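The values are calculated or read from the model by the stated rules, or taken from the named source; none is laboratory data. All values reported here derive from a predicted model rather than from experimental measurement. As a convention, Cβ positions derive from the backbone with ideal geometry for all residues, glycine included, and neighbour counts pool all protein chains shown. Just so you know, the surface numbers come from the protein's heavy atoms only, side chains and all, with ligands and any DNA or RNA stripped out. Shrake-Rupley method; radii C 1.70, N 1.55, O 1.52, S 1.80 Å.
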Amino acid sequence: MKKKILAGLIVLTVLMIAGGYNITHLNNNVITELQNIISLHEVEHLRKNLLNQIKIVQSDLLLKDSPHARDVDTFVLHVEEMTRTSAICSTCHLDPKGKAMLHDFYSGVDRYTKQLSRVYTIRANEERLTQEKEQTFQTGQKVIDEINNLVVRLDSKIAAKITQASTNISQAKQLLTLFLYTSPFVVFGLAFFFLRHYTSSVATLIGATRRLKEGNLDYRIDNDLRDEFQELAASFNEMADSIKDNCEKMQQAERLAVAGEISAGLAHEVKNPLAGIKVSIDVLRNELPLAQEDKEIFLRIINEINRIELLLKELLSYARPSPPQTISLDVGNVLDTTIKNAQYSLKKPTGNDQPIKNIDFVREFAPDLPRVVADPAQLQQVFLNLLINAIDGIGESGTITIRTEALAGFVQIVISDTGTGINPENLSKIFTPFFTTKSKGTGLGLSITRRLVEQHDGTIGVVNNPEGGVSFTIRLPVLA
Amino acid sequence: MITRLLKLSFLCAVFFLILPLLSGCDDQQKEKETRVEPAAPRIVIGLLPEQDLFSQKKRYQPLVDYVSRKAGVTIELKILSRYGNIIDNFISEKLDGAFFGSFTGALAIKKMGVVPIARPEWPDGTSTYYGMIFVRKDSGIKNVADMKGKRFAWVDKATTAGWLFPLHFFKTQGIPDPHTSYLKECYFTGTHEDAILDVLNGRADIGAAKDTVFYRLAETDKRVVDELEILAESPRVPANSLAFAAHIPSSLRNTVKKILLGMSDDPEGRALLLEFGARRFIETTEGDYDPVFEYVEHVGIDLNSYDYINN
């Protein structure tokens with residue numbers, strides 16, 4: 001756009017310079033033509049003046065030896081003036097034929113002046129004097145004839161030149177008028193073009209913003225805008241997408257919060273009667289003389305009640321999390337304890353040492369890990385959730401690697417497993433409440449985990465390992 | 001911002017308003033400068049018609065302008081239609097000086113006591129000239145006997161080459177008064193150049209003129225040397241010299257003489273001399289006219305009573 005603005009300015013400048021040059025050029029042409037006309041009129045004036053000069057000299061010649069004869073000084077001055085006037089003709093621009101005529105004219109003038117001098121200096125008999133005088137007069141008349149011939153030759157050209165000059169002046173005047181009246185339109189036209197060029201894009205962007213403000217989050221700029229405005233439009237569309245996503249998330253979060261509150265209230269109200277029912281069922285199972293099949297039915301009822309209690313407990317934990325009781329702690333110690341608990345959960349309830357799955361827990365703890373400020377119980381719950389998830393993801397056997405390392409301002413904990421991994425489509429949803437891929441899962445475990453991590457100003461992320469399984473990465477801020 | 005723009009606009013407007021006035025002031029200043037000119041003394045110098053009046057004046061004008069500028073004197077050239085006019089003009093005090101011919105110079109010295117100061121020296125080193133009598137080669141005229149009944153073009157009765165010498169020539173040939181009966185027609189052309197051209201163009205059969213004009217004309221018209229034949233030549237006499245009237249202060253005479261003599265040392269002066277056809281100016285005194293006085297005496301003319309009017 002800067003280039004276009006610069007180009008526009010250059011175009012305007014060039015137009016102004018070109019206009020100025022043309023106006024100056026036209027003015028110069030007009031002045032030149034006027035000078036030509038003046039020069040051509042001067043030629044006419046010169047011709048008349050020269051003819052007058054020659055006629056004066058001719059009259060001097062005729063008056064010589066008469067009572068009205070002029071003195072020699074006056075005569076000499078007249079001849080000099082005539083010669084000087086005739087010399088001006090040499091400055092005229094003539095074609096070769098005109099130049100030849102001018103040459104003949106000058107020869108005639110030269111011959112005439114010599115004869116004039118002779119008439120004034122010669123002393124002879126009357127006959128010779130008369131003859132000399134007559135010859136000189138005739139020479140003078142010839143000079144006049146030559147001037148007239150030159151004039152006849154030049155007159156048509158001069159008239160044509162004057163007409164041409166007048167036409168040129170008229171054309172220049174028309175062009176100047178045209179420039180005068182069209183220039184503002186051209187300038188305004190260009191200005192309008194440039195303004196329109198840029199304001200239309202701005203108007204489109206402003207319109208889109210207003211539509212967005214009015215709540216139309218689905219509105220996108222589909223027009224092809226010019227230059228950087230196209231990038232701005234793309235950014236606007238991205239912003240609109242982002243706003244829409246965030247709005248949807250917020251709405252969902254609000255809905256979940258409301259649902260959570262209702263569920264928590266309901267759970268709280270259901271929890272106590274459910275405990276009474278469970279105890280009553282257990283008493284009935286133990287006290288009544290029932291067949292073994294009937295007792296197993298009671299036992300299944302109690303197991304289902306236990307599952308409902310667990311669900312209620314997690315629901316309460318998610319909806320009304322308890323505030324963390326933070327202390328300075330070593331993450332490695334918490335992890336050790338949690339790993340032991342996880343290993344313990346793998347043992348069969350029958351009491352022998354044979355575990356349910358053959359899982360190898362690998363500790364890759366960084367030495368001198370900085371301490372963090374956290375609630376140890378909540379942190380243990382976080383790690384246990386992730387370890388149980390890992391155990392669930394592994395089949396009969398596998399490896400769970402727990403790695404810690406110190407980063408700038410953070411302690412990073414990575415829990416990787418060699419399990420089946422998570423479907424890529426579900427990766428972005430696994431922290432969403434009630435989302436689960438397990439047949440008996442509540443879908444709240446990882447949601448609670450993320451909430452607890454975020455309560456500690458930390459972050460949690462998940463990726464599928466290239467070689468299989470998933471890796472959860474937790475970052476907790478170190479103690480400042 | 002707006003205030004600054006207004007100030008700037010105001011300054012621009014003032015500048016463009018003042019601009020024409022500045023130009024006008026410059027013109028007024030120039031006018032004032034051109035008005036201040038010191039008044040220079042003015043003298044009039046006469047010029048004889050060696051060649052046609054206008055060519056003669058044109059030839060001498062640059063020389064006179066140079067001297068005028070160097071001496072701080074306004075010198076005006078006055079071309080004369082007759083050699084004898086120069087004496088008349090001196091008598092009527094219309095002239096303060098003149099480029100005299102040898103005979104008019106001798107006349108003026110004797111009659112009016114003019115003071116000669118300088119004369120040109122030609123490129124060949126001479127500062128004199130001589131008279132010549134000439135005819136067309138195809139005229140068949142070879143001697144005085146052949147001249148009988150022919151037309152003679154004299155220059156002027158106040159010239160050495162154009163009158164005194166041919167008169168002396170006829171006298172020595174036993175014809176003391178050729179213009180009355182011996183020749184068919186005698187007339188005075190008034191200029192040496194016309195005397196030469198008249199013979200060349202057949203308007204006269206015999207002519208007399210000075211060699212300097214003859215050969216200068218030959219430079220532009222080859223017919224002069226190709227078609228004319230010189231039958232007699234006079235002794236050498238001093239070339240046309242500048243002389244001042246007795247009333248001109250000696251200081252001014254000396255100043256002008258110094259400028260003329262110094263021309264050959266000045267580049268501008270040398271260029272003018274070249275154009276004039278001379279190598280330099282040399283000092284001239286009354287003594288340089290002795291050959292003319294002797295010649296006049298030999299012809300039998302009394303300068304004090306000589307009638308120089310052409311009849």
On a full-extension model of 0.36 nm per residue, what is the gain between A:LEU274 and A:ASN341, subtracting their alpha-carbon distance, rounded to one decimal in nm?
21.3 nm
How far, in degrees from 0 to 90, does helix A:96-121 lean away from the longest principal axis of the Cα atoms of chain A, to the nearest 10?
40
For the pair A:HIS68/A:ASN168, report the inter-label distance in nm, with labels modelled 7 Å from Cα in the Cβ direction.
4.6
With a probe of 1.4 Å, find how much accessible area chain B has per residue, and write the answer as a whole number in Å².
47
Please report, as a whole percent, how much of the solvent-accessible surface of segment B:163-311 comes from carbon and sulfur atoms (probe radius 1.4 Å).
48
Long-range amide H partners of A:ILE400 with built H, under 5 Å:
A:ASP360, A:PHE361, A:VAL362
Angle check, please: helix A:376-393 long axis (alpha carbons) against the longest principal axis of chain A (alpha carbons), in degrees 0 to 90, nearest 10.
90
May I ask you to derive the FRET efficiency for B:LEU274 and A:LEU77 from their Cβ-Cβ distance with R0 = 35 Å, giving the value to the nearest 0.05?
0.80
Using the Kirkwood formula on the Cα atoms of segment A:137-192, what hydrodynamic radius do you get, in angstrom to one decimal?
15.0
So what's the convex hull volume per residue for the Cα atoms of segment A:380-430, in Å³?
105
Assuming R0 = 22 Å, can you tell me the calculated FRET efficiency for the pair A:ILE17 and A:PHE193, based on Cβ-Cβ distance, to the nearest 0.05?
0.70
Which FRET efficiency value, to the nearest 0.05, is calculated for A:ILE243 and A:ARG371 with the Förster distance at 45 angstrom and r the Cβ-Cβ distance?
0.65
Convex hull (Cα only) mean projected area of chain B, reported in nm² to one decimal:
23.0
On a full-extension model of 0.36 nm per residue, what is the gain between A:GLN138 and A:SER322, subtracting their alpha-carbon distance, rounded to one decimal in nm?
52.2 nm
Can you pull the percent of Cα pairs in segment B:131-234 with separation above 22 Å?
17
So what does B:ARG236 come to for accessible area, using a 1.4 Å probe and Å² rounded to 10?
110
Find how much the distance from A:ASN28 to A:GLU296 grows on full extension, using 0.36 nm per residue of separation minus their present alpha carbon separation; answer in nm with one decimal.
84.5 nm
Put A:VAL152, A:VAL43 in order of accessible area, largest first, probe 1.4 Å, and you get A:VAL152, A:VAL43
q = 0.18 Å⁻¹, segment A:324-477: log10 I(q)/I(0) [Debye, one scatterer per Cα]:
-1.14
If exposed means no more than 11 neighbouring beta carbons inside 10 Å and the site is in a DSSP loop, what's the longest run of chain A without any exposed GluC sites (Glu not before Pro)?
A:1-213
Taking the Cα centre of segment B:131-234 as origin, work out the dipole magnitude from +1 charges on Lys and Arg Cβ and -1 charges on Asp and Glu Cβ, in debye rounded to 20.
260
Taking the Cα centre of the protein assembly as shown as origin, sum charge times position over the Cβ atoms of Lys and Arg (+1) and Asp and Glu (-1), and report the length of that vector in debye to the nearest 20.
900
Buried accessible area between A and B (1.4 Å probe, both chains summed, ligands and nucleic acids excluded), in Å² to the nearest 100?
1800
Return the Rg/Rh ratio of segment A:1-127 with Cα-based radii and a Kirkwood Rh.
1.42
Hey, what number do you get for chain A at 222 nm if only DSSP H runs of n ≥ 4 count, each worth -39500 (n - 2.57), divided across all residues, to the nearest 500?
-25000 deg cm²/dmol
Just to verify a number: what accessible area does A:LYS249 come out at with the full protein assembly present, 1.4 Å probe, Å² rounded to tens?
130
Distance between the C-alpha centers of segment B:98-143 and segment A:444-480? Whole Å please.
136
Using a 1.4 Å probe on protein heavy atoms, which residues of segment B:191-238 have at least 20 Å² less accessible area in the complex than alone?
B:ASP194, B:ARG203
Using a 1.4 Å probe and ignoring any ligands, DNA or RNA, find the accessible area of A:LYS173 and quote it in Å² to the nearest 10.
140
Computed over chain A: longest principal axis from alpha-carbon atoms vs helix A:126-213 long axis, angle to nearest 10 degrees, is 10
To the nearest Å, what is the center-to-center distance of segment A:165-197 and segment A:93-132, using C-alpha atoms only?
59
Chain B: calculated mean residue ellipticity at 222 nm from DSSP helix runs of at least 4, using -39500 (n - 2.57)
-14000 deg cm²/dmol
Under a Gaussian network model of chain B whose springs join Cα atoms within less than 10 Å, the largest fluctuation of B:ALA195, B:ALA158, B:ALA204 belongs to B:ALA204
Putting +1 on Lys and Arg Cβ atoms and -1 on Asp and Glu Cβ atoms, find which of B:GLY46, A:ILE262, A:ASN426 reaches farthest to the positive end of the dipole of the protein assembly as shown.
A:ILE262
Over the protein assembly as shown, equivalent-ellipsoid semi-axes from the Cα gyration tensor in Å:
142, 30, 24
